[in-house]
Amino acid sequence: MPNASLFNMTMGSEGGSLITKKNKELIVEQECGWNLIELKGPIPFEMSGILSNILKILSDANISVLVNSSYDNDYIFVKKEHLDIAVTSLRNNQFEIEMESL
């Protein structure tokens, strides 16, 4: 799609990332009820498959996600009602999860 536009802006505690392909008016929509699982980086580009492995575990648990990546981190958003199952599934597969209170 040569005329497709792309805009992605991610702001984290250590800065932001902006990806854009073409200038275009932005339409903003909002959907509440998401919780964040952050893969803290930077993760070297030579290390492949980490995000893929995590998404496979969540898919096997029948959890839909929204994924956003910046240069240093990957962010996985899960609906609030699926957070406990997501965390348990990841911990059962040897992923270390730290929980923060908001």
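The values are calculated or read from the model by the stated rules, or taken from the named source; none is laboratory data. Not measured: the values here are computed from a predicted model. Cβ: placed from backbone, ideal geometry, glycine included. Neighbour counts: every protein chain shown.
Filtered by the rule that a residue be touching a residue at least 40 places away in the same chain (Cβ under 8 Å), outside any strand (DSSP E or B) and either among the small types (Gly, Ala, Ser) or closer than 20 Å to GLU46 by Cα (or both), region 59-88 gives SER70, TYR71, ASP72, ASN73, ALA86.
Only a single item in (1) modelled with pLDDT under 70; (2) of a type in the set (Asp, Glu); (3) in contact with a strand residue (DSSP E or B) (Cβ under 6 Å, 6 or more places away or on another chain) is not met by GLU38, and it is number (1).
State the number of residues belonging to region 89-102 that are in a helix (DSSP H, G or I) and surrounded by 14 or more Cβ atoms within 10 Å (Cβ to Cβ).
Number of matching residues: 2.
Has region 39-59 got any residue that is closer than 22 Å to MET11 by Cβ, touching a Lys or Arg at 6+ places or on another chain (Cβ under 8 Å) and crowded, with 16+ Cβ neighbours inside 10 Å? Taking every residue of region 39-59 in turn, none turns out to be closer than 22 Å to MET11 by Cβ, touching a Lys or Arg at 6+ places or on another chain (Cβ under 8 Å) and crowded, with 16+ Cβ neighbours inside 10 Å.
Going through (1) surrounded by 16 or more Cβ atoms within 10 Å (Cβ to Cβ); (2) in contact with a strand residue (DSSP E or B) (Cβ under 8 Å, 6 or more places away or on another chain) one by one, HIS82 falls short only on (2).
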